[in-house]
Each structure stands twice: as structure tokens, then as C-alpha cells.
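Structure first, then comments.
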Amino acid sequence: MRTELVSEPGDSARPNEDFASVGLPASGQGGAVVVLDGVTPPRDGTGCLHSVPWFTARLGGALTELTVSLPDVPLADALSLALARTADAHRETCDLSHPRTPQATVVMARWSPETVEYLILSDSALLVESPDGTLTPYLDDRLSRLPRSALATDAMVDADLRNMEGGFFTAAADPSVAARAVTGTLPRSGVRALAALTDGATRWVERFGAGDWDDLFDVVRKEGAQALVDRVRALELGDTDRTFLRRSKTHDDATVVFVEF
């Protein structure tokens with residue numbers, strides 16, 4: 001098995017709000033990938049004393065433990081348990097009802113000799129390659145399907161769309177959001193490799209259109225995860241007129257985890 005993990009902050013002066021882990025149980029049977037993309041908070045606060053990196057570290061650590069130590073618990077249930085545990089860690093000091101309480105997108109994959117399970121919540125991505133080379137992207141596309149006019153301001157998003165029916169969902173303080181995730185199970189024999197990516201890395205396809213998902217996967221396999229991040233950074237720096245980036249931040253935290261069985 002080959003595993004590779006790269007996580008690079010968008011700004012070296014700021015903490016990386018992404019989290020990534022590869023868990024391999026001592027039994028040698030199976031493993032799990034957890035990737036979180038923390039949602040950058042607004043300037044006027046989140047109602048919480050803690051930072052987004054604190055939240056992603058807590059949630060990611062809980063998910064890494066639970067996905068490995070409880071292999072028979074479905075990934076959505078593991079996410080629900082991890083969210084409850086993380087919420088309990090700051091419920092007494094923070095306003096967890098605030099729409100911008102620390103939160104994150106989630107991608108998880110867990111494999112055993114028989115199956116590969118997956119879970120995606122919000123706009124990160126999981127790419128799965130079959131033995132014949134066919135690549136399938138697993139996405140939660142609810143955010144991308146919303147009209148741009150609805151996303152005009154943070155206030156509009158928070159009031160009408162964030163963690164609401166008809167909008168999109170992220171992992172914040174409500175354990176029930178785990179039931180909103182995109183989930184599924186594949187036969188282990190049908191998976192040759194997979195890649196989990198935050199949207200700072202998927203920009204190469206989704207924002208800049210530099211290639212399709214197959215092209216991106218080929219870059220990661222042949223040149224490595226860092227090569228993909230380097231290509232994204234070059235495109236970001238070249239977009240001086242913000243033709244592609246528009247209102248988005250110039251550099252975003254970018255995480256890539258690659259697993260080849």
C-alpha cells in the first residue's frame with residue numbers, strides 16, 4: 001500500500017485550518033482517511049472562544065480514533081459521535097447556536113478486506129479509481145448548485161442557507177447533520193486507489209478548469225500530491241485579474257491524501 005499526505009496553508013502567516021489523517025489499525029486489516037476543511041470565520045466572530053484549527057484538530061482527532069477503533073460503526077454514526085464529543089468540549093464556554101460556530105467540511109473513507117466506505121459533507125471531494133482505471137468522483141454538490149445571487153454576502157448565506165434545508169450543510173455543533181452527508185459502500189475489489197481533497201486543491205479542476213478529475217488524479221499518482229498543490233499555487237498567482245478567483249481568497253489551505261492499495 002502507498003499513502004501520501006500533503007497539507008499546505010494558504011498563508012504561511014496563518015494557521016492551517018485543514019486537518020488530515022491516515023489511520024492504520026495495529027491489526028493490519030483495513031484503514032481510514034479523514035480530511036477536514038475548516039470554514040474560515042468572519043471578522044465579526046463566531047460566538048466561540050476557540051479557533052477553527054482547534055475545532056478541526058478536535059473533530060479530526062475524534063474521527064480518526066472512532067473510524068479505526070469502531071470499524072463496525074457506520075461512518076455517519078462515527079461523525080455524529082465525534083461532533084457530539086467536540087461540542088461537549090466547549091459547550092460551557094461558547095455559543096454553539098451561532099451560525100458561524102467553528103465548522104468544517106468532511107471527507108472520510110474507510111476500507112477493510114471486503115469494503116470501502118465513504119462519506120462526504122460539503123465541498124471537498126473523494127476520487128475513487130477502479131482496477132480498470134475508471135475514475136469516479138464522489139461529491140456533495142449542494143453548495144455548487146445554489147445560484148450565485150444567493151451567495152452574494154456572508155450574511156445572506158448565514159441567514160438562509162448554512163446548515164438549512166434547501167441550502168448546504170457542514171460539520172459544526174449539531175450531531176444530526178451527519179445524516180445529511182453523502183455516504184456509500186463499495187466492494188474493496190472494485191477500488192485500486194483513492195484521493196481525498198479539500199477545495200483548496202480541487203480548485204485546479206473546479207475553479208481554474210486546468211483539467212478534469214482524471215487529469216488531476218494522474219498528476220497526484222505520477223508526480224505526487226505536492227505537485228498538484230504547486231500547480232494550484234501557480235494558477236492562483238497568475239490570476240492577477242481575478243478572472244477565475246473572483247471574490248475568493250487568493251490562496252486557500254490545500255490538502256491532498258492519496259491511497260493506492
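Please treat every number below as a calculation from the coordinates, not as lab data. This structure is a prediction, so every number in the text was calculated from the model and none was measured. All Cβ positions, even for glycine, are placed from backbone atoms using ideal geometry, and neighbour counts span all protein chains on display.
Calculated on the alpha-carbon coordinates, the convex hull of the stretch 154-207 measures out at 147 cubic angstrom per residue. For the stretch 66-157, the alpha-carbon coordinates run over 46, 37, 12 Å along the three principal axes, in decreasing order. Reducing the stretch 41-119 and the stretch 134-149 to their Cα centroids gives an inter-centroid distance of 21 Å.
Pairwise Cα separations in the chain fall into 10 Å bins from 0 onward with the following percentages, short to long: 7, 31, 38, 20, 4, 0. Distance between the modelled labels on Ala159 and Asp212, one decimal in nanometres: 4.1 nm (7 Å Cα→Cβ projection). Counting Lys and Arg as +1 and Asp and Glu as -1 over every other residue whose Cβ lies under 11 Å from the Cβ of Leu245, the net charge comes to +2.
Computed over the alpha-carbon pairs of the stretch 1-43, the distance histogram in 10 Å steps reads 21, 43, 23, 12, 1 percent, short to long.
Each Lys or Arg adds one and each Asp or Glu subtracts one; over the other residues with Cβ under 12 Å from the Cβ of Thr101, this totals 0. For a test of the definition: using alpha carbon positions, the gyration tensor, and the 1.5 limit on a/c, classify the stretch 28-85 as rounded, prolate or oblate. Because a/c hits 1.5 or more and a/b exceeds b/c, the stretch 28-85 counts as prolate. The sum of -39500 (n - 2.57) across all DSSP H runs of n ≥ 4, divided by the residue count of the chain, sets its helix-only mean residue ellipticity at 222 nm to -8500 deg cm²/dmol. Placing +1 on the Cβ of every Lys and Arg and -1 on the Cβ of every Asp and Glu, with no other charges, gives the stretch 39-134 a dipole of roughly 440 debye about its Cα centre.
Once the chain from His98 to Ser12 is taken as fully extended at 0.36 nm per residue, the excess over their C-alpha distance is 28.1 nm. Comparing Thr93, Thr183, Thr170 in a Gaussian network model of the chain, where Cα atoms under 10 Å apart are tied by springs, the biggest mean-square fluctuation is seen for Thr93. Sorted largest first, the principal axis extents computed over the alpha-carbon atoms of the stretch 152-261 equal 45, 43, 20 Å. Per residue, the average separation of C-alpha pairs within less than 8 Å and at least 6 apart gives the chain a relative contact order of 26 percent. When the chain is treated as a GNM with alpha-carbon contacts under 10 Å, the residue of Thr185, Thr134, Thr202 showing the greatest mean-square fluctuation is Thr134. Both radii come from the Cα set of the stretch 85-220: Rg as radius of gyration, Rh as Kirkwood radius; their ratio Rg/Rh reads 1.02. Legend: calculated FRET efficiency, Ser149 to Leu5, from the Cβ-Cβ distance at R0 = 30 Å, rounded to 0.05, equals 0.20.
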